[in-house]
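*Asks:* Dropping a structure here in C-alpha cells format, bear with me for questions.
The values are calculated or read from the model by the stated rules, or taken from the named source; none is laboratory data. Bear in mind that the values here come from a model prediction, so they are computed numbers and not experimental data. So basically every Cβ, Gly included, is an ideal-geometry build from the backbone, and we count neighbours across all protein chains shown.
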Amino acid sequence: MSRLAHKAWQTCVGVNSEKYLGIEVTGVYILRMHSRLIACIVGCLFAISTVVCANAIFNDDAALANTLANVPPSGSKPVTIPNDVAVGMLIYKVDPEYPAKAKAARISGIVILKATISKAGEISDLHPECGPAILQEPSLKAVREWKYRPYLLRGEPVEVQTTIRVTFALGGKKKLPFSKDSCPVE
C-alpha cells in the first residue's frame, strides 16, 4: 500500500485504533478486512460480468437465427432424438390391442418401431425395426394414432425421427419371459 493511501487510511480509521460496536479495532485489522471486502466485491463483479457476457454471446437467438449454419434447410433430413425425449413429448396415446392369436400362443415381447414425427406432432412415417411379427401390426395401428408436442429447434418446430418401444406382456402382475423373436432388451 502506498504511503499516501496508508496516510488516508489512518485519517479515516484513526492512527492507532477505533471503537466499532464497542470493540477496539486496530487500523491494521480494519485494513485487512477492507482489502478482503474489496477482493470479494471485485470477484463478484467479475462473476456477474462473465455471466452477462456469456448470456449475450450464447443466448442471443436473434444473432443465431441469422446464421446459415444454425437454420435447418427446408426439406432437410429429420432431427434424430432419443426415445426418452420422444416419450416426454407424447400428449395422446392409444394402447395397442393384444391379438387373440398371440395370447393363445403365449407370444409376448417388445416391438421397436422407427417413427418420423411431423412438425405438427403427428406420425408421418412408421415402420417396424424388430419384434414378433404377430405383434407388429397392432403396434403400427396404435402408434399411428399417437400425437406429440412439436419438437422445437431454436424456437421453430422441426420434423424428428425416433424409435418407439411397444411392450406386449402376458401374465398380469407376474411377467412371463418374452418370446424368442422379441427385440433385445437394452
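*Asks:* Could you check, for segment 80-93, whether at least one of its residues is part of a helix (DSSP H, G or I), in contact with a Ser or Thr (Cβ under 7 Å, 6 or more places away or on another chain) and either modelled with pLDDT under 95 or not charged (D, E, K, R) (or both)?
*Replies:* Checking segment 80-93: at least one residue is part of a helix (DSSP H, G or I), in contact with a Ser or Thr (Cβ under 7 Å, 6 or more places away or on another chain) and either modelled with pLDDT under 95 or not charged (D, E, K, R) (or both).
*Asks:* So, in segment 110-130, how many residues would count as being over 24 Å from the mean Cα position of the chain (by Cα) and over 17 Å from VAL166 (Cα atoms)?
*Replies:* 1
*Asks:* Shifting gears a bit: GLU129 - would you say it is at pLDDT 95 or above and either surrounded by fewer than 18 Cβ atoms within 10 Å (Cβ to Cβ) or of a type in the set (Asp, Glu) (or both)?
*Replies:* No; evaluated as a whole, the condition is false for this residue.
*Asks:* Would you check if there is a residue in segment 142-159 being modelled with pLDDT of 95 or more and hydroxyl-bearing (Ser, Thr, Tyr)?
*Replies:* Yes, that holds for at least one residue.
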